[in-house]
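J.: What follows is a single structure, and I will ask about it in a moment.
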Amino acid sequence: MKILIFTPYIGANYGGISGAVQGIADAIANQGIHVDVVTTDANNLEKIPISLNKWIDESLYRMRYFPCWHKNDFVFSWGLIIWLIRHIHEYDVVHTSTVFSPIVSLIHWLCQLQRVPYVMTPHGMLEPWALSYKAWKKRLYFKLIEKQILEKSSAIHVIAKQEANNMKSLGFNNLVTVPNGIHRKEFLSLANSEVFYQEFPATRNQTLILFLGRIDPKKGLDLLAPAFAQVHSKFPQTHLIVAGPNSIGFLATVQDYFALSGCLEAVTFTGMLTGELKYAALSAASLYVAPSYSEGFSMSILEGMASGLPCVITTGCNFSEAAQAKAADVLDINSNAIAEALIKRLSQPQEAKAMGDRAREFILQNYTWEIAAQKLIEVYEAIIRQKPLPDYY
C-alpha cells in the first residue's frame with residue numbers, strides 16, 4: 001500500500017495542521033505502510049528554510065517540499081501540480097488536508113481524472129463558527145466547488161464526533177471519525193520546568209495558567225482577557241502564559257484586550273514554543289485554558305491533558321468526551337464561565353490535581369497517534385478493496 005499525504009502548508013505558523021499531518025504520517029509509516037508527504041515551503045508570513053524539490057527522509061516516511069507563491073493561507077505551486085500530474089497515479093490513496101484552498105481542489109480533480117481515490121480532512125474548517133468567518137467567500141466557494149469535491153471523495157475524515165454531526169447536517173455521509181492524538185512516549189515522564197523558567201524568569205514563583213495556540217480571533221482570547229482579570233484579582237500570584245505564533249498579525253489587538261481588562265502586566269506572550277521549551281511550559285503550568293470559539297480537535301488540549309494539567313476548555317473545542325470522562329471542565333463559550341471554572345480549580349487544588357490525573361490517563365489510553373493510525377489504515381484498506389467504510393463515528 002502506498003499512501004500520499006498532501007497539505008498545502010506544514011509550517012508551524014499555521015497551527016495544529018503541521019503536527020497532525022506529521023503525527024499521522026509517522027504513525028502510519030510505523031505500521032509498515034509506505035507514506036510520502038508532499039507540501040510547500042509556505043509558513044504564513046514567512047518561508048520554511050529547507051531544501052526544495054527533493055525527497056527528505058523523516059525516519060519512517062519521506063517529505064518533499066515545493067516552492068510556492070503564498071499569501072497567508074492561500075498557497076499555489078506550479079511545480080507541485082506538475083509533479084502530481086506525473087506521479088499521483090503511483091499511489092493507492094491520496095489523503096489531503098484543509099478545504100477552501102484552490103490548490104487542494106486541483107489535486108482532487110487530478111485524483112478524479114486519474115481514478116485515484118482520495119480522503120479529505122477538513123480540520124474543523126467546516127464548523128459553524130469557521131463557516132461564519134468571512135462567510136460570503138466561503139459560501140460561494142462551497143456551493144460552486146467544495147461541496148461536489150467532498151461528495152466525490154472516498155471518505156471525509158473528521159476528527160471529532162461533533163464535527164461529524166455538523167458535516168451530516170451539511171448533507172455528507174461518507175464520514176469516518178478518527179481523532180488526533182499524541183505520541184505516548186513523549187508524555188511518559190514530565191519535562192524539567194526549569195528550562196521554561198530560565199527562558200522566562202519573570203514567571204518563576206507564579207501560579208501559571210497556560211494558553212497554547214495561535215494568536216487568532218477564533219481562539220477566544222477576547223473572552224480570556226476579562227476572565228483572567230477576574231482570576232488575577234482573586235489570586236494575585238497567578239500569571240497567564242500566552243504561547244503561540246502571531247501568524248496573522250493579531251497580537252497587538254490581543255494585547256489591547258488584556259490592557260483594557262487591567263491585567264496585561266500579569267501576562268507573558270512567549271511566541272511559539274516547540275520541543276523541549278513547550279514541554280517545559282506544560283510542566284511549569286498549574287492550569288491549561290482553551291477559550292476557543294471553534295476548533296477541529298485541538299492537539300494542544302491533548303498535550304495539556306496528557307501532561308496531567310486540569311484543563312478548562314469551551315464547547316467550541318469539540319471535546320465533549322472529556323467532560324463525560326470528568327477529565328476536563330467543558331464550558332459554554334463565555335467569559336464568566338471561564339473565569340468561574342479557573343477560580344474553582346485554583347480554590348480546590350486537590351480536586352484539580354485529581355482531574356489532571358484522570359485527564360492524563362484518559363488521553364494516554366484513548367488518544368494516541370498509534371490508535372489513529374490503525375483506524376486510518378483500515379479506512380484505506382476498505383477504500384482500496386472497494387468495501388464499506390469502517391463504522392467509526
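None of the figures in this text is laboratory data; all of them are computed from the coordinates on show. Just so you know, these numbers come straight off a predicted model, no measurement behind them. Cβ coordinates were reconstructed from backbone atoms using ideal geometry, including for glycine residues, and neighbour counts include every protein chain displayed.
J.: If you count, for each residue, the other Cβ atoms within 10 Å and average over each peptide, how do 137-148, 332-343 line up from highest to lowest? Don't skip to the answer; put the middle values down first.
T.: Values: 137-148: 14.1, 332-343: 18.8.
Peptide ranking by packing, descending: 332-343, 137-148.
J.: Determine one quarter of the surface area of the Cα convex hull of region 185-366, which equals its mean projected area, and express it in nm² to one decimal. Can you show the working numbers first?
T.: Values: hull surface 36.9 nm².
For region 185-366, averaging the hull's shadow over all directions gives 9.2 nm².
J.: Can you list the aspartates and glutamates whose alpha carbon is less than 19 Å from that of Lys185, not counting same-chain residues fewer than 8 positions off?
T.: Here the aspartates and glutamates satisfying the reach criterion relative to Lys185 are Asp26, Glu58, Glu276, Glu303, Asp357, Glu361, Glu370.
J.: May I ask you to evaluate 6.51 cos²θ - 1.76 cosθ + 1.60, the Karplus curve with θ = phi - 60°, for each residue of region 179-193 and list the ³J(HN,Hα) values in order in whole Hz, giving x for glycine and proline?
T.: Working through the residues one at a time gives x, 5, x, 10, 7, 3, 5, 6, 10, 6, 9, 7, 6, 7, 5 Hz.
J.: Regarding the chain, what is the average projected area of its C-alpha convex hull, in nm²? Show your work: numbers first, answer last.
T.: On the way: hull surface 72.7 nm².
The Cα convex hull of the chain, projected and averaged over all directions, gives 18.2 nm².
J.: Setting aside same-chain residues fewer than 8 positions from Lys218, which lysines have a Cα under 17 Å from its Cα?
T.: Lys134, Lys138
J.: At q = 0.22 Å⁻¹, what is the log10 ratio I(q)/I(0) for region 83-166, with the Debye formula run over Cα points and no solvent?
T.: Values returned for q = 0.22 Å⁻¹ are -1.06.
J.: May I pose another question? For Cα pairs less than 8 Å apart in space and 6+ apart in sequence, what is the mean separation divided by the residue count of the chain, i.e. the relative contact order in percent? Write down the numbers at each step before the final one.
T.: Values: 782 pairs, mean separation 61.7, N = 393.
Relative contact order, the chain: 16 percent.
J.: Mind checking which aspartates and glutamates have their Cα closer than 12 Å to the Cα of Lys234? Skip sequence neighbours fewer than 8 apart in that chain.
T.: Within reach: Glu340.
J.: Something else about it: So for the chain: antiparallel DSSP bridges make up what percent, rounded to the nearest 5?
T.: Working: 9 of 50 bridges.
If we restrict to bridges inside the chain, about 20 percent are antiparallel.
J.: Going by how many other beta carbons lie within 10 Å of each one, how would you line up Val312, Val21, Val195, fewest first? Working shown, then result.
T.: Numbers: Val312 27, Val21 23, Val195 17.
Starting with the residue having the fewest Cβ neighbours, the order is Val195, Val21, Val312.
J.: Using +1 on the beta carbon of Lys and Arg, -1 on that of Asp and Glu, and nothing else charged, what's the dipole of the chain about the Cα centre, debye to 20? List each step's numbers first, then the result.
T.: On the way: 34 positive and 34 negative charges, 167 e Å.
So the magnitude is around 800 debye.
J.: If packing is taken as the average number of other Cβ atoms within 10 Å across a peptide's residues, how do 275-284, 33-42 rank, most packed first?
T.: Details: 275-284: 19.1, 33-42: 22.8.
Ranked by mean Cβ neighbours within 10 Å, highest first: 33-42, 275-284.
J.: If you take the square roots of the eigenvalues of the alpha-carbon gyration tensor of region 326-378 and sort them as a ≥ b ≥ c, do you get rounded (a/c under 1.5), prolate (a/b over b/c) or oblate?
T.: Details: a/c = 5.62, a/b = 1.97, b/c = 2.86.
Oblate.
J.: What is region 185-366's relative contact order, in percent, from Cα pairs under 8 angstrom and six or more apart in sequence? The partial results should precede the final answer.
T.: Numbers: 336 pairs, mean separation 42.8, N = 182.
About 24 percent, as a whole number.
J.: Something else now. With point charges of +1 on the Cβ of Lys and Arg and -1 on the Cβ of Asp and Glu, referenced to the Cα centre of the chain, which listed residue (Trp109, Ala12, His34) lies farthest in the positive direction of the dipole?
T.: Ranked along the dipole, the leading option is Trp109.
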